[in-house]
Amino acid sequence: MNGPVLEAEDLAFGYGAERVIDGVSLSVAPGEFVALVGPNGSGKSTLLRCLLGLLKPAAGAVRLFGVPPAELKDRWRLGYVPQRAGLARELPATVEEVVGAGRLARSGWYRRLRPEDHVEIEHALSSVALLEHRRRRVGELSGGQQQRAFIAKALAAQPELLVLDEPVAGVDAESQHRFRESLTHLVSQHSAAVLLVSHELGAVADDLDRVVVMRRGRVYFDGPPADLVASGVSLGVHHEDLPLWLEGLMRREDDQE
Amino acid sequence: MIAALPLPYPFDRTYMQLALVASVAVGAAAPLIGAFLVQKRLSLMGDGIGHLAFAGVSAGLVLGVWPVAAALVVAVIGAVGIERLRSAGRASGDVALALFFYSGIAAGVVVVGASGGLDASVLSYLFGSVLTVTPADAWTVVVLGLAIVAVLAVVGRALFAVVLDEESARVAGLPVEALNTLLSALAAVAIVGAMRVVGLLLVAALMVLPVATAQLVAGSFRATVAVAMAVGVAASVVGLAVARVWALPPGGTIVLVAAAAFAATSVVAGRRSHRGGTALAHQEHV
């Protein structure tokens, strides 16, 4: 596929009269690693839900692999890791069962998993370094390990575009390291594209192709990380740098008003 | 008249053998549905649908229609309604349940009252009457149970993915609404199947207690389902036997045996985890 795997054109969405997203256009090319950042309330999550087809935009258009989200037949091409506050400890599911659930988009939800599906599930577990924990209950893992299990769940379908919503919020350093390895492996070895929504880009700052900064429902910046760094923003030296800058962005606008 | 099979006491009589068949079918099928409902935080779904089924039973008795069929129709429609209300976000899961829960029991009371009041046949559905099941009743329960097992053998994996995370399942193209509706309809089928065994007032217990017990010891979702079904069947058999030996109401006895199984497992699992925790603390200290 030569065209963008994800494309949004002049997208708008609102809750009631309030516009949460206003005229957003962006695209992600095959094999591209893009980060979407912005202060709280900038419209990132709403934009993400529109891009995934979970919300219907009031105006504009979204295309996933060249078609509107509702018309995408091979859903396995799109992987999604939602934001989560942590699983209940009593959830009686093993890591392998959780990751196996991610394979259904590829194998067919009503079919039994075949040997080749189990090979891919194992591969996904290896890529996030959880193979040795495959038989453990997912509720017994640390927050970072749980998040890696859910990344492996998305990887199990071998997606061509992986969308992640705040995947490393509050996770330990080892998990951040594993997280970076699994994403760079996906991009470099499988030519998949990644769209990452996060406040903390430190773990992947050196691997990004583009950063999109949202502010008040609009795209404030869209370009290579080097251009953003040139404007005085540090993406990776300290994990607080980017959130502080994003907060400053909001304050400056409030002052201007 | 059917001749009794040569089974030992307390299952030596035909009526006990019919009760055993119906109880085992319910003991296996109810926790199978419950395994999904408990993970979705809809443990009281069985209660809500049970109250709707009461309205169906009442209507059936008044109209001269087979009460099981009337209960099945009302319970399935109500269960689908609860799911639609919940998924459309017009009411949270517990409010949607409460709405149908109280409407169902109120409709049942009004219909029965208008037709001349409560009698033994209504009470047998409310509190169960497994010792009076006919061969046709027993076969109906077995067929409903097998239907539940067959459907979940096909859609179980997809339902597990929905239970795990509805939003991801939706993005992955799984038919989330259809699967949730199907689960609700299957719960209604299980409840109607179970109402003669434990009664509509206790039916949810057989969906929840065996699953709660299994969760304490099982290491995976697959094992949880298997252990819950085994606990459900064991509680049904033991409860039925105890009820015969001490002349107790079978429905309530089955549920009390399931509750005792949970309490005993909870104590054993708690001791084991305490011992594990102490050993771990000792290791860390060393």
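Could you list, in sequence order, all residues of segment B:223-235 that are touching a helix residue (DSSP H, G or I) at 6+ places or on another chain (Cβ under 7 Å) and either without any contact (Cβ under 8 Å) to a residue 12 or more places away in the chain or facing chain A (nearest Cβ under 10 Å) (or both)?
Correct list: B:THR224, B:VAL225, B:VAL227, B:ALA228.
Sort out which residues of segment A:60-81 are closer than 22 Å to A:ILE151 by Cβ, more than 8 Å from every other protein chain (Cβ to nearest Cβ) and not in a strand (DSSP E or B), and write them in order of number.
Once the filter is applied, which keeps residues that are closer than 22 Å to A:ILE151 by Cβ, more than 8 Å from every other protein chain (Cβ to nearest Cβ) and not in a strand (DSSP E or B), segment A:60-81 yields A:PHE65, A:PRO69, A:ASP74, A:ARG77.
Name the residues in segment B:76-97 that are surrounded by fewer than 21 Cβ atoms within 10 Å (Cβ to Cβ) and either modelled with pLDDT of 80 or more or more than 19 Å from the chain's Cα centre (by Cα) (or both), would you?
Filtering segment B:76-97 for residues surrounded by fewer than 21 Cβ atoms within 10 Å (Cβ to Cβ) gives B:77, B:80-81, B:84-85, B:87-95.
B:ILE77, B:VAL80, B:GLY81, B:ARG84, B:LEU85, B:SER87, B:ALA88, B:GLY89, B:ARG90, B:ALA91, B:SER92, B:VAL95 - these are the residues of segment B:76-97 that are surrounded by fewer than 21 Cβ atoms within 10 Å (Cβ to Cβ) and either modelled with pLDDT of 80 or more or more than 19 Å from the chain's Cα centre (by Cα) (or both).
Search segment A:116-154 for residues being of a type in the set (A, V, I, L, M, F, W, C) and at the interface with chain B (Cβ under 10 Å from one of its Cβ atoms), and hand back the single one that is surrounded by the fewest Cβ atoms within 10 Å (Cβ to Cβ).
Pass one, segment A:116-154, residues of a type in the set (A, V, I, L, M, F, W, C): A:119, A:121, A:124-125, A:128-131, A:138, A:141, A:149-152, A:154.
Then keep just the ones that are at the interface with chain B (Cβ under 10 Å from one of its Cβ atoms); that gives A:138, A:150, A:154.
Working: A:VAL138: 27, A:PHE150: 24, A:ALA154: 26.
Restricting to residues being of a type in the set (A, V, I, L, M, F, W, C) and at the interface with chain B (Cβ under 10 Å from one of its Cβ atoms), the top hit is A:PHE150.
Condition first: farther than 20 Å from A:GLY202 by Cα, touching a strand residue (DSSP E or B) at 6+ places or on another chain (Cβ under 9 Å) and not in a strand (DSSP E or B). Now tell me which residues in segment A:148-181 satisfy that. Outline the logic, then answer.
Just the residues of segment A:148-181 that are farther than 20 Å from A:GLY202 by Cα, to begin with: A:149-150, A:152-161.
Narrowing further to those that are touching a strand residue (DSSP E or B) at 6+ places or on another chain (Cβ under 9 Å): A:150, A:153-161.
If the condition is that a residue be farther than 20 Å from A:GLY202 by Cα, touching a strand residue (DSSP E or B) at 6+ places or on another chain (Cβ under 9 Å) and not in a strand (DSSP E or B), then A:PHE150, A:LYS153, A:ALA154, A:LEU155, A:ALA156, A:ALA157, A:GLN158, A:PRO159, A:GLU160 are the ones that fit.
When you scan segment A:215-235, do you find a residue that is at pLDDT below 70 and touching a helix residue (DSSP H, G or I) at 6+ places or on another chain (Cβ under 6 Å), even just one?
Scanning segment A:215-235 turns up at least one residue that is at pLDDT below 70 and touching a helix residue (DSSP H, G or I) at 6+ places or on another chain (Cβ under 6 Å).
Per-residue answers, yes or no, for (1) hydrophobic (A, V, I, L, M, F, W, C); (2) more than 30 Å from A:LEU91 (Cα to Cα); (3) in contact with a helix residue (DSSP H, G or I) (Cβ under 6 Å, 6 or more places away or on another chain):
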site: B:PRO10; (1), (2), (3): no, yes, yes
site: B:LEU18; (1), (2), (3): yes, yes, yes
site: B:GLY34; (1), (2), (3): no, no, yes
site: B:LEU37; (1), (2), (3): yes, no, yes
site: B:LYS40; (1), (2), (3): no, no, yes
site: B:GLY48; (1), (2), (3): no, no, yes
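Within 11 Å of chain B (Cβ to nearest Cβ), in a loop (DSSP other than H, G, I, E, B) and within 23 Å of A:GLN147 (Cβ to Cβ): which single residue out of A:LEU113, A:LEU91 fits that description? Talk me through it step by step, then tell me what you get.
Values: A:LEU113 fails: within 23 Å of A:GLN147 (Cβ to Cβ).
Answer to the selection: A:LEU91.
I'd like the residue in segment B:159-211 that is surrounded by fewer than 23 Cβ atoms within 10 Å (Cβ to Cβ), part of a helix (DSSP H, G or I) and among the small types (Gly, Ala, Ser) and, out of all such residues, is farthest from the other protein chains (Cβ to nearest Cβ).
Looking at the filtered set, the residue picked out is B:ALA185.
The values are calculated or read from the model by the stated rules, or taken from the named source; none is laboratory data. Quick caveat: nothing in here was measured; it's all calculated off a predicted structure. As a convention, Cβ positions derive from the backbone with ideal geometry for all residues, glycine included, and neighbour counts pool all protein chains shown.
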